Amino acid sequence: MHLDDFVYTSTDFEDKRVLDAATGVGGATVRLAERLAEDGGKEILSVDIDQEQDTVESIREDLDEKASFVTFIEDDIHSLKKVESKSIDIVLCDDTIIFLNRPPLAVLRAIKAFHRVLREGGELIIVSELPDTPDASHTGEWRRWHLAKALFELRGETFAESIPPETLKEALSCSGFIVKGEETSPGWMNTDYEHIIEEWEAIMHHEITLLPFEELKRPFREAVDRVKIQVEEDGYLDAPGKYAIKCIKQ
Ligand SMILES: C[S@@+](CC[C@H](N)C(=O)[O-])C[C@H]1O[C@@H](n2cnc3c(N)ncnc32)[C@H](O)[C@@H]1O
């Protein structure tokens, strides 16, 4: 089954109150709103730690009349303090779990928060990237990702941490969830990469200014430039494979 069908089409949203964790640029929020409109769902709480007004406005425009389904909430997913216990039927965490695992095991706090806000028998759906292959030669994407990770590491911070599906399933089982289904989708070649690499380059150059190692700033700048050239030579960025796990609150 296609991942999108597994996550959205085959989920019953009738009468459901859904928590979208996290909003980001609104991809999942918009897709959820379409499904709630089709199925006769109740409401979407779209949560992000950083609810920028401009982003929210642009998502509202994309939602059009379906904006009536969505309430935007600024909150930390690790605690979900603004969301009542047992008030949610479905939690969807799409493309965010890698940012909730900083430092490692912090993801358990988020899973605990999902468990608290779900009603008995409620459903948790997690979509995330499959860990990448440690092959530095095959594309600029691998270098792009790991250069960013190294830069954050040298500042004592974590950029993002992929979680293999088997590890996540064990964490879910230990946290009071029963896993009921799983799907994966293969990676693909994204040839529409120019805006992504330009945004990445700007972020990296800013992050390099914050490096506490003066002697590493120049080599890092050069490495960023080389990655950009490599990606342009490749002609694509690797979009990673994804997995989705559906589980039920015990
Ligand atoms: C890749 S985006 C999410 C993509 C989104 N689900 C979509 O479909 O477009 C990751 C988001 O997680 C948010 N985030 C990271 N850590 C968070 C936390 N502790 N609590 C809430 N949101 C968090 C970031 O602000 C960012 O907007």
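The values are calculated or read from the model by the stated rules, or taken from the named source; none is laboratory data. Here the structure is a predicted model, which is why all the values come from computation and not from measurement. Virtual Cβ from ideal backbone geometry, glycine too; neighbours counted across all protein chains shown.
Could you please find all residues in segment 109-130 being part of a strand (DSSP E or B), within 14 Å of the ligand (Cβ to nearest atom) and either modelled with pLDDT of 95 or more or among the hydroxyl-bearing types (Ser, Thr, Tyr) (or both)?
Keep residues of segment 109-130 that are part of a strand (DSSP E or B), which gives 118-129.
From what is left, the residues that are within 14 Å of the ligand (Cβ to nearest atom) are 125-129.
ILE125, ILE126, VAL127, SER128 - these are the residues of segment 109-130 that are part of a strand (DSSP E or B), within 14 Å of the ligand (Cβ to nearest atom) and either modelled with pLDDT of 95 or more or among the hydroxyl-bearing types (Ser, Thr, Tyr) (or both).
Within segment 61-69, identify whether any single residue is within 12 Å of the ligand (Cβ to nearest atom) and more than 24 Å from THR9 (Cα to Cα), and answer yes or no.
First pass over segment 61-69, keeping only residues within 12 Å of the ligand (Cβ to nearest atom): 62.
From what is left, the residues that are more than 24 Å from THR9 (Cα to Cα) are none.
Within segment 61-69, not a single residue is within 12 Å of the ligand (Cβ to nearest atom) and more than 24 Å from THR9 (Cα to Cα).
Is it fair to say PHE72 is touching a strand residue (DSSP E or B) at 6+ places or on another chain (Cβ under 8 Å), within 13 Å of the ligand (Cβ to nearest atom) and in a helix (DSSP H, G or I)?
Numbers: touching a strand residue (DSSP E or B) at 6+ places or on another chain (Cβ under 8 Å): yes; within 13 Å of the ligand (Cβ to nearest atom): yes; in a helix (DSSP H, G or I): no.
The answer is no for PHE72.
Just the residues that are more than 9 Å from the ligand (Cβ to nearest atom) and in contact (Cβ under 8 Å) with a residue 24 or more places away in the chain, please, taken from segment 97-108. Don't jump to the end; show me each part of the working.
Restricting attention to segment 97-108, the residues satisfying the condition of being more than 9 Å from the ligand (Cβ to nearest atom) are 97, 101, 103-105, 107-108.
Residues satisfying the conditions are ILE97, ASN101, PRO103, PRO104, VAL107, LEU108.
In segment 1-43, what residues are within 12 Å of the ligand (Cβ to nearest atom) and part of a strand (DSSP E or B)?
LEU19, ASP20, ALA21
Can you find a residue in segment 80-96 that is more than 11 Å from the ligand (Cβ to nearest atom), in a helix (DSSP H, G or I), closer than 20 Å to VAL25 by Cβ and modelled with pLDDT of 95 or more?
No, the conditions are met nowhere in segment 80-96.
Examine segment 22-33 for a residue that is touching a strand residue (DSSP E or B) at 6+ places or on another chain (Cβ under 6 Å), modelled with pLDDT under 95 and under 24 Å from ILE98 (Cβ atoms), and state whether such a residue exists.
no
Can you confirm whether segment 178-186 contains a residue that is more than 20 Å from GLU123 (Cα to Cα) and surrounded by 12 or more Cβ atoms within 10 Å (Cβ to Cβ)? Show your work before the answer.
The first filter runs over segment 178-186 and keeps only residues more than 20 Å from GLU123 (Cα to Cα), leaving 185-186.
Narrowing further to those that are surrounded by 12 or more Cβ atoms within 10 Å (Cβ to Cβ): 185.
Within segment 178-186, one or more residues are more than 20 Å from GLU123 (Cα to Cα) and surrounded by 12 or more Cβ atoms within 10 Å (Cβ to Cβ).
Residue by residue through segment 44-59, note down the ones that are part of a helix (DSSP H, G or I) and surrounded by fewer than 16 Cβ atoms within 10 Å (Cβ to Cβ). Steps first, answer last, please.
Initial filter on segment 44-59 (part of a helix (DSSP H, G or I)): 53-59.
Listed by number, the residues that qualify are GLN53, ASP54, GLU57, SER58.
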